[in-house]
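> Handing you this structure, nothing more for now.
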Amino acid sequence: MRVLLVGAGGVGGAITRIAARRPFFDAMVVADYDLSRAEAAVAALGDQGARFRAERLDANDEDAVVAALRAHECDVLLNATDPRFVLPLFRAARAAGANYLDMAMSLSRPHPDRPYEECGVKLGDAQFEDAAEWEKAGALALVGMGVEPGLSDVFTRYAADELFDEIQEIGIRDGANLTVDGYDFAPSFSIWTTIEECLNPPVVYEADRGWFTTEPFSEPEVFEFPEGIGPVECVNVEHEEVLLVPRWVDAKRVTFKYGLGNEFIETLKTLHLLGLDRTEPVTVASASGPVAVSPRDVVAACLPDPATLGDRMRGKTCAGTWVRGTKDGEPREVYLYHVVDNEWSMAEYGSQAVVWQTAINPVIALELLATGAWTGSGVLGPEAFPAGPFLDLLTAYGSPWGLREQ
């Protein structure tokens, strides 16, 4: 396997550190718009970096991405950029005859008249429109293969196959007790992506209604997270699992709820009120003349890079899937989860917990594809593959998962 990794930020850098310890691939080209960032990711590997090389690449330039895939004879493109670049990279992989893997799907667009009742363009719609083309070519686009979406979807598949006869409800529940020393406000993941997820209308799925939307931060509930994290209030947030799970798993209801905290929610609401969540450029006067800038890009530039916060972070993060249904005629309720302690991930890999937890899952998926344990064609989510081999490898990578009977 030869891999083109596009994006050498926090998650991309963690991917290289995890993959460097595994023998399943022959080469990985680490590409980024900022060549120095790609070079730093490779240099950090030291003696383990022989199979890696750095290259400058604009993820929005489809022709350049196709050329890079062909020049390096890469058979898979791993997308570690933010969701704005999903479609150009997805299309470039298809044009080059390569397989494709991402951790976030093509962006949604709210319904123009009823944004908090009806879906407009849903997450991933643009990719699923091309599913027949990928399948006809015998090529695979494995979409949503991070931690959430990704591991949470693998947990869903495992629950459906091994733990339940019938499923009433599937709820992805994400929470943490992470703090960052020295900052009053410092998100542990990309603020650009977080704004996109949290301020868009959340999507809910119900079998007798299909997909529909609600108000942002709706249906608050307190969920008890394991391994000392404790109770965290979670709210509805737009996320890929709600769009992926019902395509492969029968459930009467599917939701995604995120433990944001009241302070974070109020900050996001303020950004929205001021128009600072907008992606469309606005014209700003400067000494050298008018400059067009995206307000959301300005917010991101004003906050610390999440990848650099690991030494200041304390606590744990938990990703998991709560499932309610029946087994052998009896009611059952479980929470399948994965917890990462920031102290451990920093000591073991030099990566903060949130980006490391995201990064390990696409590496495992690549290994399963390389060994043939996972096979398929078309545009497929993690639910389309057997969960057992993935969860076995997750444990073998030194980061076991858990199951709690509720």
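Laboratory data are not the source of any read-out in this text; all were calculated from the coordinates shown. Everything numeric here is computed off the predicted structure, so don't read it as measured data. Every residue, glycine as well, gets a Cβ built from its backbone with ideal geometry; the counts of neighbours run over all protein chains shown.
> Give me the number: length gained by fully extending Thr375 to Asp61, i.e. 0.36 nm times residue separation minus the C-alpha to C-alpha distance, one decimal in nm. All intermediate terms of the calculation are to be shown ahead of the outcome.
Values: separation 314, 0.36 × 314 = 113.04 nm, distance 2.90 nm.
Result: 110.1 nm gained on full extension.
> Same structure again: Hey, with R₀ at 60 Å, roughly what FRET efficiency would Ala287 and Arg22 work out to, going by the Cβ-Cβ distance, to 0.05? Numbers along the way, then the final one.
Details: r = 51 Å, r/R0 = 0.84.
So, using R0 = 60 Å, E works out to roughly 0.75.
> Distance from the Cα centre of region 328-352 to that of region 210-274, in angstrom?
Region 328-352 and region 210-274 have Cα centres separated by 18 Å.
> Which length gain, in nm to one decimal place, applies between Thr179 and Thr279 when the Cα-Cα distance is subtracted from 0.36 nm times their residue separation? Spell out each step's value before the answer.
Details: separation 100, 0.36 × 100 = 36.00 nm, distance 2.81 nm.
Going from the current span to full extension adds 33.2 nm.
> Given C-alpha coordinates of region 232-379, what is the ratio Rg to Rh with the Kirkwood estimate of Rh?
1.05
> Okay, next question. Taking the simple approach of a point 7 Å from Cα along Cα-to-Cβ for both Lys136 and Asp305, what is their distance in nm?
According to this spin-label approximation, the distance is 4.3 nm.
> A follow-up question, please. What is the order of Phe256, Phe155, Phe223, fewest Cβ neighbours within 10 Å to most?
Working: Phe256 29, Phe155 32, Phe223 20.
Fewest-to-most ranking of Phe256, Phe155, Phe223: Phe223, Phe256, Phe155.
> Taking a cut-off of 23 Å between Cα atoms, list the lysines near Lys316, but don't count ones fewer than 8 places away on the same chain.
Correct list for Lys316: Lys257.
> To the nearest 0.05, how large is the calculated FRET efficiency for Ala50 and Glu263 if R₀ is 45 Å and r is the Cβ-Cβ distance?
Details: r = 45 Å, r/R0 = 1.01.
Taking R0 as 45 Å, the efficiency between Ala50 and Glu263 is 0.50.
> Express in nm, to one decimal, how much length is gained between Glu348 and Ser218 on full extension, taking 0.36 nm for each residue of separation and deducting their alpha carbon distance. Write out the running numbers ahead of the final one.
Working: separation 130, 0.36 × 130 = 46.80 nm, distance 3.76 nm.
That works out to 43.0 nm of additional length.
> Same structure again: Report the relative contact order of region 306-360, percent, no decimals, based on alpha-carbon pairs under 8 angstrom and at least 6 residues apart.
On the way: 72 pairs, mean separation 21.2, N = 55.
Computed value for region 306-360: 39 percent relative contact order.
> How long are the semi-axes of the ellipsoid equivalent to the chain, from square roots of 5 times the Cα gyration tensor eigenvalues, in whole Å, largest first? Walk me through the numbers before you get to the answer.
Details: eigenvalues 169, 141, 103 Å².
Values for the chain, descending: 29, 27, 23 Å.
> Moving to a separate point now. Indicate, rounded to the nearest 5 percent, the antiparallel portion of the DSSP beta bridges found entirely in the chain. Please report the intermediate quantities before stating the final value.
Numbers: 45 of 75 bridges.
Looking only at bridges with both residues in the chain, the antiparallel portion is about 60 percent.
> With 10 angstrom as the radius, rank Glu39, Glu330 by how many other C-beta atoms surround their C-beta, starting from the fewest. Let's see the in-between values first.
Numbers: Glu39 17, Glu330 7.
Starting with the residue having the fewest Cβ neighbours, the order is Glu330, Glu39.
> Using alpha-carbon pairs under 8 Å, 6+ residues apart, how would you state the relative contact order of the chain in percent? Don't skip to the end; give the middle numbers.
Numbers: 885 pairs, mean separation 79.9, N = 406.
Result for the chain is 20 percent.
> Using the scaling law 2.2 N^0.38 Å as the reference, what is the normalised Cα Rg of region 162-236?
Values: Rg = 15.5 Å, N = 75, 2.2 N^0.38 = 11.3 Å.
The value comes to 1.37.
> Still on this structure, please answer the following. Can you give me the Kirkwood hydrodynamic radius for region 200-250, using every pair of distinct Cα atoms, in Å to one decimal? Walk me through the numbers on the way to the answer.
Numbers: mean 1/r = 0.0809 Å⁻¹.
Answer for region 200-250: a Kirkwood hydrodynamic radius of 12.4 Å.
> If N is the number of residues in region 2-102, what value comes out of its Cα radius of gyration divided by 2.2 N^0.38 Å?
Values: Rg = 12.1 Å, N = 101, 2.2 N^0.38 = 12.7 Å.
Compactness ratio reported: 0.95.
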